[in-house]
Structure formats: C-alpha cells, structure tokens
Amino acid sequence: MIEQYLALKAEAADSLLFFRMGDFYEMFFQDAVAATAALDIALTKRGQYMGEDIPMCGVPAHSHETYLARLISKGFRVAIAEQVEDPAEARKRGGKSVVRRAVVRVVTPGTLTEETLLDARSANRLAALGEAEGRMGLAWCDLSSGEFMTAPVDAALVGAELARLRPAELLVAEGREPPPGHLVAMRPRGDFDSTAGERGLCRRFEVGTLEGFGAFTRAELAAAGALIAFVEATQKDAAVRLRPPARHLPESAMLIDAATRASLELAETQAGSRKGSLLDCIDLTVTGAGARRLAADLAAPLTDPDAIAHRLDLLGWFVGAPTIRERVRAALKRIADIERALGRLSAGRGSPRDLGLLRDALSGALDLKRLLSESRLGVPAMLAECLGRIGPHGALVEGLAAALVAEPGFSVSDGGFIAEGFDPALDELRGLAQDGRRHIAALEARYREATGIAALKIRHNNVLGYHVEVAARHADPLMAADSGFTHRQTLAGVVRFNSVDLADLAARIAEASTKALAAETAHFAALRETVLEEADAAGDTAGALARIDVAAALAELAARGGWVRPAVDAGTAFDIRGGRHPVVEAALGAKREAFVSNDCDLGPERRLWLLTGPNMAGKSTFLRQNALLAVLAQTGSFVPAASAHIGVVDRLFSRVGASDNLAEGRSTFMVEMVETAAILRQATPRSLVILDEVGRGTSTYDGLAIAWAVVEAVHDSLASRCLFATHYHELTALAGRLSAVHLATVKVREWKGDLVFLHEVIAGAADRSYGLAVARLAGLPAAVTHRASEVLTRLEQGKAKTGGIAAGLGDLPLFSAAAPATPARDALRDALAALRPDEMSPRAALDTLYDLKRLADAGGETIS
Ligand SMILES: Nc1ncnc2c1ncn2[C@@H]1O[C@H](COP(=O)(O)OP(=O)(O)OP(=O)(O)O)[C@@H](O)[C@H]1O
C-alpha cells in the first residue's frame, strides 16, 4: 500500500495528499507533520518505511471539509485520493491486493466550489499571467460561478489589474518573477504557450475559432491556456462549467492601483478587514450574487459616461419607486444563489438540494420578472435588458417541480428526494420496501403471540440488519434448537436472534430499497444533465438578478442617506457641493448630522488644491471623500452630496505621507517616493490625484523640496485634477506662481485656549499649524508642551530673521519637466542617418561598416 501511496504522492508533489482509507483520509510522512501543525490534531505512527516509523494523521471523511477549509485558508493545496474500486473487487484479484486509488481532484484556493469553503458574498478567482510577443495578458475565472475573462495589460499596470481582481490564487510561469502580494502557483512554461492555449480553448468550447468570443491577444491566449490547463489538472474528470471567455478592456474601467485601493479602503481597510471599507458601508444587497456583482462594479468604476448613465437610470428608477423596490428586495432575498448551485452541480459535487434550490430560484426569478414587467412605470433601458435576460425556464422549473420533493436533502445516497407520482416504477419499489416494513410489524406481533413474550422486538442496526431482540431473562425458550430462531448475539441485558421468515423479509426490503435508490440516483443524473443543458440561460438569469439586486440596493442606500444622482460626462469638471465622506459619516451613527459637508471645485482654473490646516482638522477625510465620490459616481451609484458634476476620471491615485502608512521591507519614505514616482509617470489630464502630506517622511528641507517639485510637476506636466494636503505652509507661496493652484484650509477656532475643529473647508491658507494645541489635546504632559512652546518661540524668532526655510524660493525659475530636453547629436547617428543602403555595392557597404566601427571605438564624438 505504501508503494501506491508514494506513487500518488509523486503525482501531487506540491500538495498534501488526503489518502482515503475507509472512513478516514490519512496523511503520511511530511504531509502528516505539516497537517498536524496546521490543524492542531494528533500525530501518530503507522508501520515502518526503510527502517523508520511512518508519521501519520487522519481526518474523518464525513467532516473533512472543515479540515480542508482550514488547510486551504493557510495556503495549502490538497490532493484527494479516493478508492476507485470496491474492496470486494480488489479481493477478487488475490488476498494481498490493494484497493485501487486515484487522485480525483486537487483542491486549491483558486478552484473551490463547495459552499462551506466559500464566502457567499465574495468572488473566488483563479488568475493567470501570460506573456507573448513582448506583451502581457491576464486571464481569470471563478469556478464557483463559471465566470471566465481575459484582459490585455500593460507591464506597468499588472499590479493594478491584480489589485482589482484580488485573485485567490495566481498562476505564473516558472522562471518569471511573481508579482508580490499574491498566493502564487508556479506552473510549467509549456502551459503558457499561446498556440496551445488557443487550441485548448477551441477544444473546450467546441469551436473552430475564437473569433466569435473576441479578438484576444497572444498574451491573453497564453494566460487563458495556462488557466484551462490548471483547471483540468486539478479537477481531473469533473466537467466544471466555464462560460466562454469574454474580454475586459482595461480602458473601460477607472485605473486604480493597489496603493490607491489600500489608501482609500475600497474593499478592505488597511488593517485587512471588510468591515469599515467603502464596500462594506454601501453594500445593502440581499443576495450573494448581488454582493459579488457590487464588489466587482466598485473595483472597476466605468469610464464611459453613457454606460454610467444607464446604471444611474436604473438606480434612479428604483429610487423613485419605493414600493416596487421593497417588493423586489423581498423577492430577491428568497432567491438562492443560482450560479453557485450550477457550479457545484457541474463540478460533480452537487446534491438534490441544489436541484431544489434551482427550481425555487428560477421560479422566483420568473415571478420577479412578472412583477417588474407589470409595473405601470415605464422601465429604463437597463431594466428592460435585464428582464430580457431572465428565462424562459418554465419547462425546466416544471420538470424539477414534478420530479422533486419540497425539500430535497444534501445527499443522493440518502434517497427520498424524488417526489411520489413522478416515477411509477420507483413508487412501486418504495411500496415494496414500505410493505416489507408493514410485514415486519406483523411478524413482530406474531412472534410475541407465539412466544408469549410481550416485550419481544424486531430491531434493525447496521451490523446485524433486522433481528429479534428479547430481554436476557426471556431468552431461554428461543435458544432451543427447534424454536425456529437462530442465536446471533448476547449482550448485557438482551439476546438477539434471527429467523428464516425475518431474513426473507429483510432481503426483500433490502432489494427493493437498493433498487429504489438506484432509480433515484439515475433520476438525479438525468435531472442534473437537464439543468446543465440550460446552464448558460440560467447563468444569464442569475446575472440579471444580480444587476437588479445591486441597483435596488444602491437605490435603498441613496434613499436612506439622501444621496443624489451625479452628473457624469466626458469633460474634466469636478464640482461637488455639500459632499460627505460615506464611511466617516456612517461611523458617526446617530450623530451623523454632526458630519460637516464640504464643497470641492477642481475646475480648470483651480484644478490643484493646496490644503493646509492643523492635524485632526479633517484634511484626510476631505481628500478621500472626493476620491470616493468619483469612484461611487463612476460605479453608477448616487453620491452623498447636495450635487455633483464629475468629468470621467480615467485614473485615480491616492497617496498618503510615509508616516501614515506602514509597509514592510522598504523604508516608509522609500515606499512613498516609489509610489509618487508611479503617479508622475502614469497620471493624465483626466486623472484625479490625491496626495496627502507627501514628503513628510524625511527631513524638513528635503521633504519641502520634494513636495514643492511634485506640486509643480502635477500642475505643469500632468495637468491632472489634484488635491494636495500638506503641513508645509511654505508651499502656499506656489499659489502666486502657478495659475491653477487654489488654496484651501480647514477651519478651526481656539476657544479658551482649546482648539475646536469645525471641519469646514474654506478658501485660504492656515495661519499657523496648531501642532502644539493638538499635542495638548492629545494629553502630552504639560511640562513637555510648555517646553515645546519655548522652543517654538525661538524657532520663529530665527525664522523672522532668515525669512524661514522657503526664503529664496520666490525667484526659483519655474519647473521645466514639460520642456523636452534638446537631444544630443552624435557623429555615429549622423553617419548612420546619411547612409543609403540601396545605392551601395557590397564592397562599399563593408568599407562603411569599418568606418562606423572606427567612429564607435573613437567614442561617438558627441556634438552638443
Ligand atoms: N467633515 C467632517 N465632519 C465631521 N467630522 C469630521 C469631518 N472630517 C473629519 N472629521 C473627524 O475628524 C477626524 C480627523 O480627521 P482627519 O484624519 O481627516 O484629519 P487630518 O486633518 O487629516 O489629520 P492629520 O493631519 O493628523 O492626518 C476624523 O476621524 C473624523 O472623525
């Protein structure tokens, strides 16, 4: 057996091997050691291998999913080796034959489909990064829902795309540097071959060409091919369902890189929890599929104003129809997760309960369609389109309704899920089994009478099957050779017997039950087939329901919070009146009225705001709130503001000064500079840039100098809309030099020596920094704050004499990053440019080659 184990383990070298032995999955050797540590279970031994004890541990098969979940969440992959023949078959081959086993599936974080292993409200994506023709491509899928997408991606933006997708597992070709921050599986380079990938896709989707699905780049095909190869390698024979691949075009979504997502806490907080994120704050969806749709929408705000308007129209319709909204949400709440049920069924892990879920969910979808179609309010285009995607599932629903009992169970092998009247033959078998049980009751009565033992019982257990049981004190007469009973077992207080009649009856019952179960199993397989034939249409229905759920939920949110519809167009306006920070406002709870709303106008002549003000005044809140409003508006949501007019933001950047952000590995200042560099390279005049105290992670002079230069670069070269919060008051001098800089500050008032934060953003610069007042507020000992004010007075006296640290910056020439440097000319380049290859003889060409080589060796003689 150990040979068989080692052979299977070799097949699944990068996974823990769950080796099925009877009612347990056993692990051996290093796997056992690793699993006991991860699961906190006992490590034992079993036999020896090459003179050494074999470490072993095991988990019960019936509860193995719990253990699987823990191992997967710790980043393990688990290969499941099942017994693939009956032990009786093995015995037929000879006394010592080992039952055949095979790895039937490799469970990895990116390929889960089990309800118990997944979060209903989050997608579980497997992604692959491909490269071909010097370009990169991504492919990703979610086996639990059948989603399958690809996207071309710029090498510099791979991190941003992956931050959007948040894959549970990322496939990368061996030899390539894996992108940081993801759970990576290194896969053979051959898997990433684009031609093989194309062939694999054509085979899987049974088409001659992929043209009908989209114009994929070679790099996308390479990634998609690796993805399919991995799915097939881990799922073995299970025909998991994937939809044909669709392309995502990165320019159709607002580009938001990983650092910006983290800083804005879009899907999770910086501490890593969903609670407290924007997504958590706005998610009022009532279905798992709706929650996943909203998460995907928020991760990829749109850039096409028309597409955004469509979503807003749908949302607006629900805002204006509160009664329908309530009914729709109540109806959706009762509709189960169609995609995930389909995912389980197609992966071969579905149950009768999944068929029941689909029956109810699809019929619920049809009811909802009727409800909405009957609405007398004209429906917006997107709702009409959604309704068009629902159904028709009438026949399937009827078929399932006729076949299944009201609440089918979790397991095919328990039977009892096919409704009475659906299959007369099955009813007859069940009748026989039922009859048998009636006969047993009659037999029991007869035996009681014949033996005179009133307490005689016929019982059933898994070891003996049906048997007669009497108390020990009544057993003697039944022990007699001619009693008609055969002794089976004596326990402390009871004795058990068999009889010919009982054995006969039991055999009849068993046969009928086995046949009935076989019939039910066959029905399950047939029903599953029928459902899967309609999987794509059911998937469309699920997609439409998710979209309706998202719109109704966002409408509910807008109605509860008094949010308004933003005007989104192709211009570069950014005019928010009375904007609020959705998460900070929500966190105030009952005191939400206390949140101070603020305006923000980044029109062309004031597109860069320099925001000063004391700590704790609300600068960061103001900055982030405006970024979040742009994200929400382009997601197609209403926004917490009195009004909002936003020209589509193509790329959004948000950076927080070093000391607010703890990163590992690199110094915080280094991280800040790397991220600032990325903004300066990537932002465009359509971008929105949020910079919060950039430059504060280093010495005052360096920090001010960097902040100064960054403001100039954003203003002159990038011309992006920008909010820049800073403690360097010296920067406000830039307002006089840069035409589109607008100064703003957050109002505070000192009252009886205490600082009162008013959180109101007004035009102008802070008169001073109030650092000491905040320190006092924070409870710094009086001796320290007193001493600090002495030092401050001295510093300020020195500043008065020298003109402060920014003295002399007034006459610094303007920033010139935009002016292209005159390229240096060099003799080698000139000589090459003068060549006319078509007019040269081979001899002349060779001579010229020598001349050029001489010129190069002489150093190229740069002429500037
Ligand atoms: N507009 C507002 N209305 C009500 N409360 C607010 C508002 N803005 C901010 N606050 C409150 O003030 C606190 C401090 O805000 P914030 O972190 O934005 O200040 P800051 O000026 O960026 O401070 P620092 O410079 O120390 O980072 C927030 O936690 C929030 O509770």
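The values are calculated or read from the model by the stated rules, or taken from the named source; none is laboratory data. In this text the structure is predicted, and so the values were computed from the model without any measurement. Heads up, the Cβs are rebuilt from the backbone with ideal geometry, glycines too, and the neighbour counts pull from every protein chain shown.
For the reader, a short list of remarks on this structure follows.
- Count of the range 125-146 residues which are touching a strand residue (DSSP E or B) at 6+ places or on another chain (Cβ under 6 Å) and not aliphatic (A, V, I, L, M): 5
- Residues of the range 402-415 satisfying the condition of being of a type in the set (Gly, Ala, Ser), over 22 Å from residue 114 (Cβ atoms) and surrounded by fewer than 15 Cβ atoms within 10 Å (Cβ to Cβ): 402, 406
- Of the residues making up the range 708-737, those that are buried (at least 18 other Cβ atoms within 10 Å of the Cβ) and outside any helix (DSSP H, G or I) are 719, 720, 721, 722, 723, 724, 725, 726, 727, 728.
- The helices (runs of 4 or more DSSP H) found wholly in the range 205-309 and carrying at least 2 residues that are within 18 Å of residue 122 (Cα to Cα) occupy 258-264, 278-282, 288-299.
- Just one residue in the set 338, 308 is in contact with a Gly (Cβ under 9 Å, 6 or more places away or on another chain) and farther than 22 Å from residue 118 by Cα; that residue is 308.
- Any hit, the range 79-93, residues being at positive phi, among the hydrophobic types (A, V, I, L, M, F, W, C) and free of Cβ contacts under 8 Å to residues at least 40 places away in the same chain: no
- Helices (runs of 4 or more DSSP H) enclosed by the range 474-586 - at least 2 residues per element that are under 57 Å from the mean Cα position of the chain (by Cα) and basic (Lys, Arg): 500-533, 535-561
- Scanning the range 34-56 for residues that are among the charged types (D, E, K, R) and surrounded by fewer than 11 Cβ atoms within 10 Å (Cβ to Cβ), we see that the one that is nearest to residue 6 (Cα to Cα) is 52.
- Cβ-Cβ under 9 Å pairs, at least 6 apart or on other chains, the range 731-748 side of a type in the set (Lys, Arg), far side in a strand (DSSP E or B) and within 16 Å of the ligand (Cβ to nearest atom): 747/757; 747/758; 747/759; 747/760; 747/761; 747/762
- Being within 16 Å of the ligand (Cβ to nearest atom), assigned by TED's automatic domain parsing to the domain that holds residue 690, within 26 Å of the chain's Cα centre (by Cα) and at pLDDT 95 or above holds for only one residue in 628, 652, and it is 628.
- Taking each residue of the range 307-331 that is touching a residue at least 24 places away in the same chain (Cβ under 8 Å) and looking for partners that are part of a helix (DSSP H, G or I) and aromatic (Phe, Trp, Tyr) with beta-carbon atoms closer than 6 Å, six or more apart or interchain, yields 325/318.
- Complete set of residues in the range 712-731 that are out of contact with any Cys (no Cβ under 8 Å at 6 or more places or on another chain), more than 16 Å from the ligand (Cβ to nearest atom) and under 25 Å from residue 573 (Cα atoms): 712, 713, 716, 717, 718, 719, 720, 721, 722
- A single member of 610, 662, 680 is outside any loop (DSSP other than H, G, I, E, B), within 16 Å of the ligand (Cβ to nearest atom) and either modelled with pLDDT of 85 or more or of a type outside the set (Ser, Thr, Tyr) (or both), and it is 610.
- Any hit, the range 80-102, residues being in contact with a Phe, Trp or Tyr (Cβ under 9 Å, 6 or more places away or on another chain) and basic (Lys, Arg): yes
Each row is one residue, and each column tells you yes or no for (1) in contact with a helix residue (DSSP H, G or I) (Cβ under 7 Å, 6 or more places away or on another chain); (2) among the aromatic types (Phe, Trp, Tyr).
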| residue | (1), (2) |
| --- | --- |
| 49 | yes, yes |
| 65 | yes, no |
| 84 | no, no |
| 93 | no, no |
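- Cβ pairs under 6 Å, 6+ apart, first in the range 170-185 and free of Cβ contacts under 8 Å to residues at least 24 places away in the same chain, second surrounded by 14 or more Cβ atoms within 10 Å (Cβ to Cβ) and not hydrophobic (A, V, I, L, M, F, W, C): 184/178
- Residues in the range 583-605 that are closer than 28 Å to residue 741 by Cβ and either away from the ligand (no atom under 12 Å from the Cβ) or of a type in the set (A, V, I, L, M, F, W, C) (or both): 9 in all.
- Restricted to the range 738-752, and to residues there that are surrounded by fewer than 23 Cβ atoms within 10 Å (Cβ to Cβ) and of a type in the set (Gly, Ala, Ser), the residue that is farthest from the ligand (Cβ to nearest atom) is 739.
- Residue match in the range 422-440 (condition: over 17 Å from residue 508 (Cβ atoms) and surrounded by 11 or more Cβ atoms within 10 Å (Cβ to Cβ)): yes
- Only one of the numbered conditions (1) closer than 30 Å to residue 686 by Cβ; (2) charged (D, E, K, R); (3) in the same structural domain as residue 633 (by TED's automatic domain parsing) is not met by residue 593, and that is (1).
- Here the condition is being in the same structural domain as residue 720 (by TED's automatic domain parsing) and either aliphatic (A, V, I, L, M) or more than 16 Å from the ligand (Cβ to nearest atom) (or both); of 576, 548, it holds for 576 alone.
- Check on residue 634, within 12 Å of the ligand (Cβ to nearest atom), surrounded by 22 or more Cβ atoms within 10 Å (Cβ to Cβ), at pLDDT 95 or above and within 29 Å of the chain's Cα centre (by Cα): no
- Complete set of residues in the range 1-32 that are outside any strand (DSSP E or B) and closer than 16 Å to residue 70 by Cβ: 15, 31, 32
- Residue selected from the range 683-708 under the condition among the charged types (D, E, K, R) and more than 16 Å from the ligand (Cβ to nearest atom), by the criterion farthest from residue 727 (Cα to Cα): 686
- Residues that are within 14 Å of the ligand (Cβ to nearest atom), under 30 Å from residue 717 (Cα atoms) and either basic (Lys, Arg) or in contact with a helix residue (DSSP H, G or I) (Cβ under 9 Å, 6 or more places away or on another chain) (or both), drawn from the range 753-768: 761, 766
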